[in-house]
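Visitor: Pasting in a structure now, in structure tokens, and then I'll have a few things to ask.
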């Protein structure tokens, strides 16, 4: 597979049991380099794994902070790999997501942070997201 990081090592580094489904889901995220929905993964991996196994793998990856949820205007939840350093005790997923109108791909734009929002008294922010829709660099 060339330049793909070793999925077994990534799973071990994240203290996750190594299974064929976890390796294949992780490899799909790494090779596609875009946010993926459960149905995207199901379509890509349907020959080897059922939808429940893929769902459980996504939940495990979310709980382990290996992936994060991505805002998208399609109505489907999408997920993207986290790129933070594992030595960081906590990190935020508050960055811009970009969806291309032509190809439909959604990407994390981690170079652009979201501004701090001062909420009125009594409101507690748990998560913030921003989706920019336009034409990606590959399609323009």
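Values in this text are rule-based calculations from the coordinates and carry no lab data. None of these values were measured; they are calculated from a predicted model. No Cβ is skipped: glycine too gets one built from the backbone with ideal geometry, and neighbour counts run over all protein chains shown.
Visitor: Inspect all residues belonging to the range 112-119 and state whether any of them is touching a strand residue (DSSP E or B) at 6+ places or on another chain (Cβ under 9 Å), assigned to a loop (DSSP other than H, G, I, E, B) and touching a residue at least 12 places away in the same chain (Cβ under 8 Å).
Guide: yes
Visitor: Looking only at the range 20-39, count how many residues are more than 16 Å from residue 83 (Cβ to Cβ) and out of contact with any helix residue (DSSP H, G or I) (no Cβ under 8 Å at 6 or more places or on another chain).
Guide: Counting residues in the range 20-39 that are more than 16 Å from residue 83 (Cβ to Cβ) and out of contact with any helix residue (DSSP H, G or I) (no Cβ under 8 Å at 6 or more places or on another chain) gives 3.
Visitor: Look at residue 60 and say whether it is in contact with a helix residue (DSSP H, G or I) (Cβ under 6 Å, 6 or more places away or on another chain), within 21 Å of residue 12 (Cβ to Cβ) and either surrounded by 14 or more Cβ atoms within 10 Å (Cβ to Cβ) or in contact (Cβ under 8 Å) with a residue 12 or more places away in the chain (or both).
Guide: no
Visitor: Is there a residue in the range 42-53 that is under 30 Å from residue 136 (Cα atoms), under 14 Å from the mean Cα position of the chain (by Cα) and free of Cβ contacts under 8 Å to residues at least 40 places away in the same chain?
Guide: No, because not a single residue in the range 42-53 is under 30 Å from residue 136 (Cα atoms), under 14 Å from the mean Cα position of the chain (by Cα) and free of Cβ contacts under 8 Å to residues at least 40 places away in the same chain.
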